[in-house]
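Have a look at the structure below before the remarks.
Here, each number is a calculation from the coordinates, and none is a lab measurement. These numbers were taken from a predicted model, which means no experiment stands behind them. Methodologically, a virtual Cβ is constructed for each residue, glycine included, from the backbone with ideal geometry; neighbour enumeration extends over all protein chains shown.
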Amino acid sequence: MKVTIGQLAELLHAEFVGQAAESDRPITAIRPIEAAGETDVTFITNDKHKAALDQSRAGAILVSTRLEALSKPQLIVKNVNAALIEVLNIFAPKLTPPTAGIDPTAKLGADVTIDERACIGEGVVIGNGVRIGRHSIIGSGCKIGENSNIGANCRLDSNVVIYHNCRLGHHVIIQANATIGSTGFGYSVIDGAHRLIPHNGGVVIEDYVEIGANTCIDRAKFGNTIVGAGTKIDNLVQVAHNVVIGKCCLIAAQVGISGSCTLGDGVVLAGQAGLADNIQIGDGAMVGAQSGVMKNVPPGEKMLWTPAIKRDEAMRTIGLTMRLPKMAEQLKRLGKRIEKLEVAEDDKK
């Protein structure tokens, strides 16, 4: 897509700062400061990037406040991050939109209800008693198990698997190859052998949840595994049986949440964080990357390290750990000095 700087300012409700003739300059893409060319718009979200603007060839710059010393055209917006999302949507690849209807290669079970405005792609398999709401898009190769319910305006990308008795709300996005409702990892040792504990519950995904590619969310033993409204889950995340995740949480890639954990609203789990089973994470708590959480975390707390401890304590501990090689050398030198002093003292006797 191609728009002029002036048109882009109108679309973003931005204040244009520059010479009038510059408003007719074409803009064809958005790029980072260093990569942007004369037909690109770029952006700055904090002061540390301002120095790079002098060397940038960008045709226009998104800013939150006017930069007086800058000669390039500026588009002043209330929130650069919000404007960035809008610009990325403007210049997004224009793919062929899905059309409502059921592909002839799809296989439907008995008593299936599909809204006429939904889109069912190639090779989709839908079990008995499934319900699919209006404008929902089921990508090619998806499989939806018996008696599952998918709300309106959902999008399941290719090869998503929804097991039986799962429920998705409205505006849910699940990226390719994710699995919802798989059997949880729960075994008892009976007569010397591991026997799988039946998982007869389901999974509930509330409204506006987004789930990344290859993520797995296990069904509950009883009741439901629940993902709260507005929560965003990255790729390759494991959510075990009977986990309850609150609203508007952020869970980064490769996080592992063990069975029966409860996360409050607004919790942030950074990449590769791991949670032991049956623990509670309070509202607004944050867990750093690769942290191992072994006990409950109070609301608003920030945790780091393994086992996870309070951030300030973790930073002090990490600092001391980094000094250990130097301290070991010092200790070695002190040991040698003590040996010499002891030898000298023995010679006096």
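Tabulated data
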read-out	value
Label-point separation in nm, LEU108 to ALA21, each point 7 Å along Cα→Cβ	6.2
Where N is the number of residues in region 223-349, Cα Rg divided by 2.2 N^0.38 Å	1.64
Positive minus negative residues near GLY139 (Lys, Arg vs Asp, Glu; Cβ under 14 Å)	-1
Pairs of lysine residues in region 101-312 - Cα separation under 30 Å, sequence separation of 8 or more or cross-chain	17
Segment GLU86-ARG333, extension gain: residue separation times 0.36 nm, minus the distance between their alpha carbons	82.7 nm
Length-normalised contact order for region 214-319 - Cα pairs under 8 Å, 6+ apart - percent	16
Average Cα contact separation per residue, region 3-90, under 8 Å, 6 or more apart, as relative contact order %	28
Within-14-Å neighbourhood charge of GLU301 [Cβ basis; K, R +1; D, E -1]	+1
Charge tally in the Cβ shell below 11 Å around TYR208, where Lys, Arg are +1 and Asp, Glu are -1, TYR208 excluded	-1
Sequence-distant residues sharing a close amide H with ILE309 (under 5 Å, placed H)	LEU304
Efficiency of FRET between THR39 and ALA100 - r from beta-carbon atoms, R0 30 angstrom, step 0.05	0.25
Selected from ARG195, ARG66, ARG311 as most flexible by GNM, with the chain as the system and alpha-carbon contacts under 10 Å	ARG66
Helix-only mean residue ellipticity at 222 nm for the chain, each DSSP H run of n ≥ 4 adding -39500 (n - 2.57), per residue, nearest 500	-5000 deg cm²/dmol
Given [x] 0.93; [y] 1.15; [z] 0.96, the label whose value is Rg/Rh (Cα atoms, Kirkwood Rh) derived from this model	[y]
Spin-label pair GLU342/HIS194, simplified geometry with 7 Å Cα→Cβ offset, distance in nm	5.2
Placed amide H near THR215: partners under 5 Å, 5+ positions off or other chain	ALA178, THR179, LEU236, VAL237
³J(HN,Hα) computed for each position of region 209-221 - Karplus, 6.51 cos²θ - 1.76 cosθ + 1.60, integer Hz, glycine/proline x	7, 10, 10, x, 5, 6, 7, 10, 10, 7, 6, 7, 5
Which of ARG333, ARG25, ARG117 has the fewest Cβ neighbours within 10 Å, and the rest in rising order	ARG333, ARG117, ARG25
The chain - share of DSSP beta bridges that are antiparallel (%, nearest 5)	15
Cα pair distances of region 1-78 binned at 10 Å [whole percent]	21, 60, 19, 0
Residues LYS221, LYS107, sorted so that the one with the fewest Cβ neighbours within 10 Å comes first	LYS107, LYS221
